[in-house]
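J.: Encoded as structure tokens, here's the structure I'll be asking about.
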Amino acid sequence: MTERRGFGLYVHWPFCQAKCPYCDFNSHVVEKIDQNHWRDAFRKEVARVQNDLPDRTLNTIFFGGGTPSLMTPETVDAVISAAREAWPFANDMEITLEANPTSIEAERFRGFLGAGINRVSIGVQALINEDLRRLGRLHSADEARRAVELAKSIFPRVSFDLIYARQDQSLSDWESELTEALELADGHLSLYQLTIEPGTAFGDRFAVGKLRGLPEEGLAADMFELTQDLTSRHGLHAYEVSNHAAPSYESRHNLIYWRGHDWLGIGPGAHGRFTFGERRIATESHSLPSEWLNAVSDGSGENVRTTLTEQDDVEERLMMGLRLEEGIKETKFSEYINKFNDLIEIGMLERSQERVRTTPAGRRVLNAVIRELLA
């Protein structure tokens, strides 16, 4: 029997009100946005990529960014309508939009609901005002709380993000904040350790020794362990290393990425992966908004299309799949059996019903486990 594969559409909105100092995503701050121009461009791109997978049922759409809640409901509606014209929708269709608390208002949210959004993911990042300021966020903790409550009153499914292992954050600080977040949550939380990325404002400060107060490795590890314990006790299992959900509240779109299924990406800098025959195709769009718009006018916003080698495809699936609590099907990675056995022997991996997955100890050092497998 052929495996039933998920199929998603990713839509990248590249604009934000401000650039956060930790962010390395493709986001830009501009004074004015021509929503009509962007609406038309997205519709053209949906019609173009429909030719890549014309005979599939669409399971998910994800509006990411950037700050997609800066889109008008009319723009969101136009994209969803174009997708519905291109593919039949699954009965359990999930359509997610990322939002920041500063761009949330009841009228706009009801407009998004009317356009077809049935899940929102809110970039809260912290529930402490001083930490929000350090992270470059424009909202207050109270605005974040109100935004989550408003979203819960409008949308069937709501998630929000928090960053931990922040500057000068103690273990007890994080325990109090996470406890509050779990009481506020609606079935899903994304909880990320602060990562200092090169090319960001934080990365520049860190390089010259001006980003002080970051936790030592041992404290960061304790925060990770506390996160797993508290979320589990509240019924939100770690279905992915940084994502926690009650049963049926998992992000179906992100599971498409982690399970190595198919998705098409449109918008500046968007990536896609899809299977064509026996080949795995990788796509990438122009990154700069102006370049992307011009390219769409000329026929395609895409600027890179490559066929992955079999080894590249296997390695990518391995890296993504081991992030999941469910792990990977061992039969699809037969060339790694000896390495699996070595890591099982030292307690980093385990076997269960023909699947290989990380143990709790392996999850703590997931990057090291993957490096060992791919060495």
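None of the figures in this text is laboratory data; all of them are computed from the coordinates on show. These numbers were taken from a predicted model, which means no experiment stands behind them. Counting neighbours? That spans all protein chains shown, and the Cβs are built from the backbone with ideal geometry, glycine included.
J.: Scan around LEU349 for amide H atoms under 5 Å from its own, H built in the peptide plane at 1.01 Å from N, and keep only partners 5 or more places away or cross-chain.
T.: Those qualifying (amide H under 5 Å, at least 5 residues apart or on another chain) are ILE344, THR359.
J.: Please report, largest first and rounded to whole Å, the three semi-axes of the ellipsoid equivalent to the chain, where each semi-axis is the square root of five times an eigenvalue of the C-alpha gyration tensor.
T.: Values: eigenvalues 186, 162, 82 Å².
Three semi-axes, in Å: 30, 28, 20.
J.: Assign one of three labels to the range 311-375, namely rounded, prolate or oblate, based on the Cα gyration tensor with a ≥ b ≥ c the square roots of its eigenvalues; rounded applies when a/c is under 1.5, prolate when it is not and a/b is larger than b/c, and oblate otherwise.
T.: Since a/c stays below 1.5, the shape of the range 311-375 is classed as rounded.
J.: What three numbers, in Å, describe the spread of the alpha carbons of the range 78-184 along their principal axes, ordered from the longest?
T.: For the range 78-184, the Cα spread along each principal axis is 51, 24, 22 Å.
J.: Amide H neighbours of LEU214 under 5 Å, counting only residues 5+ apart in sequence or on other chains, H built in-plane at 1.01 Å?
T.: ASP168
J.: Considering the dipole of the chain built from charges on the beta carbon (Lys and Arg +1, Asp and Glu -1) around the Cα centre, which of GLN35, ILE154, TYR336 is farthest to its positive end?
T.: GLN35
J.: Within the chain, which cysteines find no other Cys whose Cβ is under 4.7 angstrom from their own?
T.: For the chain, the answer is CYS16, because their Cβ atoms have no other cysteine Cβ under 4.7 Å.
J.: Rounded, prolate or oblate for the range 242-316? Axes are the square roots of the Cα gyration tensor eigenvalues, ordered a ≥ b ≥ c, and the cut-off for rounded is a/c under 1.5. Mind dumping the intermediate values first?
T.: Values: a/c = 2.73, a/b = 1.39, b/c = 1.96.
Because a/c hits 1.5 or more and a/b fails to exceed b/c, the range 242-316 counts as oblate.
J.: In addition: I'd like the Karplus ³J(HN,Hα) series for the range 309-317: coefficients 6.51, -1.76, 1.60, θ = phi - 60°, whole numbers in Hz, and an x wherever there's a Gly or Pro.
T.: Result, ordered by residue: 5, 4, 5, 4, 5, 4, 5, 5, 5 Hz.
J.: Here is a further query. Among ARG110, ARG43, what is the fewest-to-most ranking by other Cβ atoms within 10 Å?
T.: Numbers: ARG110 13, ARG43 20.
Least crowded to most crowded, the residues run ARG110, ARG43.
J.: Let me ask something else. Got a sec? How would TRP174, TRP13 order by Cβ neighbour count within 10 Å, fewest to most?
T.: Taking fewest neighbouring Cβ atoms as first place, the list is TRP174, TRP13.
J.: Report, by chain and number, residues whose modeled amide H sits under 5 Å from the one on SER159, excluding near sequence neighbours (fewer than 5 apart, same chain).
T.: Hits under the 5 Å cutoff: VAL120, SER121, ILE122.
J.: How compact is the range 1-136 by the rule of thumb for globular proteins, expressed as Cα Rg over 2.2 N^0.38 Å?
T.: So the Cα radius of gyration is 1.14 times the expected 2.2 N^0.38 Å.
J.: While we're looking at this one, here's another question. Please list 3J(HN,Hα) in residue order for the range 229-239, calculated via the Karplus relation 6.51 cos²θ - 1.76 cosθ + 1.60 where θ = phi - 60°; whole Hz, with x for glycine and proline.
T.: Along the range 229-239, the couplings run 5, 5, 5, 4, 5, 8, x, 10, 7, 7, 5 Hz.
J.: Let me confirm the definition first: pairs of Lys residues in the range 7-257, 8 or more apart or on different chains, C-alpha distance under 29 Å. How many are there?
T.: Value for the range 7-257: 5.
J.: Please list 3J(HN,Hα) in residue order for the range 91-106, calculated via the Karplus relation 6.51 cos²θ - 1.76 cosθ + 1.60 where θ = phi - 60°; whole Hz, with x for glycine and proline.
T.: Karplus values, whole Hz, x for Gly and Pro: 4, 9, 3, 10, 10, 10, 10, 7, 9, 9, x, 6, 9, 9, 8, 4.
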